[in-house]
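Notes follow the structure.
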Amino acid sequence: MPDDSQPVDRARALLDVAEPMLGLGQVEEAWQHAREAFSVFVDYEHWQDAVETADILYQCGHKDSICALAQGIWLAVTYPVKAQTTVTLLGHVIDETPDDSDGAAVAAMVAHYIVDLRTEGEEKKSLGFLTTQMIARVAKRQRGIEDQETLNTWIEMYQLNDIPELFKRLGLIVDVLVDDSWWFDRDALRAKLPVN
């Protein structure tokens, strides 16, 4: 990992400016600051910062905000960032996805799996409750499901409990959302991942 804190500190300062700008409705300036910060965080492998920045970019409502969201999700799922941040980004997918689309179901189940994998204790309990509610909301929205038994059948039917398949489907959703406009080299990042 490159060891140069100066660009990262500057990127954090840019982000500290971008957030209030977004709150004040200065969306274009917020986008520019956050977009620059995002690239620095990725270059210096500060994944948590990069994913949080992707969330701000998404909130800017820019023409590339969905692209930013998808890239943030790819980083959040690929690297061990905080479960809460990952759940937040996947929640945006649910909000953006049409009622009859499988994308929301995939996002909700991945969020639930990430919480199970990356949290423990009180955090696992509260975030697990949140992601269970996300799954129930998607099932109700998509198929009018309101009881646990039908929910379990729905999960089985759509293979939402098949984790390798689930992540493959999430990958397809991310690819569609990014639409070949990646801001970083995924293959280069994949090559650096430890082999299990």
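No lab work stands behind these numbers, since they all come straight from the coordinates. Keep in mind that what you see is a predicted model, and the values were worked out from it rather than measured. Counting neighbours? That spans all protein chains shown, and the Cβs are built from the backbone with ideal geometry, glycine included.
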Taking the chain, how many lysine pairs are there with alpha carbons less than 21 Å apart, if each pair must be eight or more places apart or span two chains? 4
For the pair residue 149/residue 16, report the inter-label distance in nm, with labels modelled 7 Å from Cα in the Cβ direction. 5.8 nm
Cα axis of helix 163-178 to longest principal axis of the chain: angle in degrees, 0 to 90, nearest 10? 50 degrees
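To the nearest 20 Debye, how big is the dipole of the chain about its Cα centre, given +1 on the beta carbon of each Lys and Arg and -1 on that of each Asp and Glu?
On the way: 17 positive and 34 negative charges, 60 e Å.
It works out to roughly 280 debye.
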For every helix of n ≥ 4 consecutive DSSP H residues, a contribution of -39,500 (n - 2.57) applies; sum these over the chain, divide by its total residues, and give [θ] at 222 nm rounded to the nearest 500 deg cm²/dmol. -25000 deg cm²/dmol
Taking only C-alpha positions in the range 122-180, Rg and Dmax in angstrom work out to 13.5, 40
Selection from 174, 11, 101 lying farthest towards where the dipole of the chain points positive, charges on Cβ: 101
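For the range 81-177, count all C-alpha to C-alpha pairs, find those more than 16 Å apart, and express that count as a whole percent of the total.
Details: 2429 of 4656 pairs.
Summing the P(r) tail past 16 Å for the range 81-177 gives 52 percent.
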Can you pull out the GluC sites (Glu not before Pro) in the range 100-173 whose DSSP state is coil and whose Cβ has at most 13 other Cβ atoms within 10 Å? 120, 146
Roughly what angle does helix 65-78 make with the longest principal axis of the chain, taking Cα atoms, 0 to 90 degrees, to the nearest 10? 80 degrees
If the only charges are +1 at each Lys and Arg Cβ and -1 at each Asp and Glu Cβ, what is the size of the charge dipole of the range 108-157 around the Cα centre, to the nearest 20 debye? 240 debye
If one computes the Cα centroid of the range 180-196 and of the range 80-134, what distance in Å separates the two points? 23 Å
P(r) of the chain in 10 Å steps, Cα pairs, percent per bin? 9, 33, 35, 18, 4, 0
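What FRET efficiency would be calculated for the residue pair residue 101, residue 5, taking the C-beta separation as r and a Förster radius of 41 Å, to the nearest 0.05? Kindly include the intermediate steps, with their values, before the conclusion.
Numbers: r = 42 Å, r/R0 = 1.02.
Once rounded, the FRET efficiency stands at 0.45.
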